[in-house]
Amino acid sequence: MIKENLHLIKSKIPKEVTLVAVTKTKPISDIMEAYNAGHRDFGENKVQELARKAAELPKDIKWHMIGHIQRNKVKYMAGFVHLIHGIDSFKLLKEINKQAAKHNRVIDCLLQVHIAQESTKFGLDFDEINTLINSGKATDLKHIRIVGLMGMATFTDDEEQVRKEFHALRDFFESMKAFASENVEMKILSTGMSGDYEIAIEEGSNMVRIGTAIFGRRNFIA
Ligand SMILES: *Cc1c(COP(=O)(O)O)cnc(C)c1O
């Protein structure tokens with residue numbers, strides 16, 4: 001089913017939208033099935049699970065870290081991670097910069113924006129992102145690049161609420177494009193999951209993170 005699900009979703013999304021297949025809690029065999037169907041972008045939300053799977057799987061996979069990150073875990077993925085979606089502090093950026101330098105790499109990062117109504121713990125609000133970008137502090141970090149924003153809408157059946165949140169995020173994303181620098185360029189808007197990716201794309205997303213709709217339900221909450 002994985003291959004069929006992948007093809008179905010790919011047929012529904014525009015070519016310029018990157019599909020990140022979210023494999024948290026799923027076995028290597030599931031990932032290989034998607035890989036053998038030609039897929040290369042995969043996402044995990046825990047650093048250790050990401051590192052374990054990356055070690056076992058083909059090296060041309062592009063690994064996306066989509067979850068909350070503890071600073072002391074950055075070192076386990078700095079050598080190979082393709083894109084880190086969940087940046088929620090300058091301290092975390094500094095640590096990624098430090099670990100990337102050890103590998104002589106530049107790591108692409110997305111700032112996580114807090115848009116949902118729930119008072120979840122993670123993410124920055126618009127003001128905090130504005131300050132971070134406009135302070136120029138990130139420009140000193142030569143081993144990271146801020147390439148866009150990531151957000152999650154409120155978990156609700158109210159489509160209009162979800163659309164409103166994605167829309168506001170897109171407006172903000174567009175407004176931040178004016179503040180590009182050497183290592184800041186707003187190119188990627190990572191919004192949309194299994195339940196809301198169609199709305200997200202209509203509201204400007206160019207990267208969706210989809211797990212359940214490809215691999216089926218997870219057996220436990222990761
Ligand atoms: C698990 C997860 C997804 C995928 O969710 P599905 O509803 O299974 O598609 C997307 N983004 C993040 C940050 C996640 O943790």
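Quick check for me: using +1 on Lys/Arg Cβ and -1 on Asp/Glu Cβ, what's the dipole size of the chain about its Cα centre, in debye to the nearest 20?
So the dipole magnitude of the chain works out to roughly 1240 debye.
Taking H placed 1.01 Å from N in the peptide plane, check which residues at least 5 places from residue 188 or on another chain put their amide H under 5 Å from its amide H.
Correct list: 148, 149.
For residue 102, list the aspartates and glutamates whose Cα falls under 17 Å from its own Cα; do not include residues on the same chain fewer than 8 positions away.
Here the aspartates and glutamates satisfying the reach criterion relative to residue 102 are 140.
Mind sorting 173, 126, 166 by how few other Cβ atoms lie within 10 Å of their own Cβ, fewest first?
Ascending number of Cβ neighbours within 10 Å: 126, 173, 166.
If you average the sequence gap of Cα pairs under 8 Å that are 6 or more apart and divide by the length of the chain, what percent do you get for the contact order?
21 percent.
Principal axis extents for region 131-202, Cα atoms only, whole Å, descending order, please.
Between the extreme Cα coordinates on each principal axis of region 131-202 lie 42, 20, 17 Å.
Of 15/75; 59/177; 10/62; 12/142; 10/164; 3/142, which ones are farther than 28 Å apart at the Cα?
15/75; 59/177; 12/142; 3/142, as the Cα separations exceed 28 Å there.
At q = 0.15 Å⁻¹, what log₁₀ I(q)/I(0) does a Debye calculation on the Cα points of region 1-96 give, no solvent, two decimals?
The calculated log intensity ratios at q = 0.15 Å⁻¹ are -0.60.
Expressed in nm to one decimal, what extension gain is obtained for the pair residue 12 and residue 168 from 0.36 nm per residue of sequence separation less their Cα-Cα distance?
Taking 0.36 nm per residue and subtracting the Cα distance, the gain is 53.8 nm.
Got a sec to turn the phi values of region 63-69 into Karplus ³J(HN,Hα) couplings, 6.51 cos²θ - 1.76 cosθ + 1.60 with θ = phi - 60°, whole Hz, x for Gly and Pro?
8, 10, 9, 10, x, 5, 10
Check residue 18: other-chain or 5+ apart residues with amide H under 5 Å from its amide H, H built from backbone geometry?
Long-range HN contacts for residue 18: 207, 208.
Residue-wise, which Karplus ³J(HN,Hα) couplings in Hz belong to region 111-117, taking 6.51 cos²θ - 1.76 cosθ + 1.60, θ = phi - 60°, and x for glycine or proline?
Karplus-based 3J(HN,Hα) across region 111-117 equals 7, 7, 9, 8, 10, 5, 6 Hz.
May I ask you to evaluate 6.51 cos²θ - 1.76 cosθ + 1.60, the Karplus curve with θ = phi - 60°, for each residue of region 77-86 and list the ³J(HN,Hα) values in order in whole Hz, giving x for glycine and proline?
10, 4, x, 9, 4, 8, 8, 9, 8, x
Can you pull the Kirkwood radius for region 2-215, inverse mean 1/r over Cα pairs, to one decimal in Å?
Details: mean 1/r = 0.0574 Å⁻¹.
Computed over region 2-215, the radius equals 17.4 Å.
Work out, step by step, the length gained on full extension between residue 59 and residue 101: first 0.36 nm times the residue separation, then minus their alpha carbon distance; give nm to one decimal. Kindly include the intermediate steps, with their values, before the conclusion.
Values: separation 42, 0.36 × 42 = 15.12 nm, distance 2.06 nm.
Between residue 59 and residue 101, full extension yields 13.1 nm more.
Any read-out appearing in this document is the output of simple, stated calculations on the displayed coordinates, not a laboratory observation. Being a predicted model, the structure only gives us computed values, none of them experimental. FYI the Cβ positions are ideal-geometry reconstructions off the backbone, even for glycines, and counts take in every protein chain you see.
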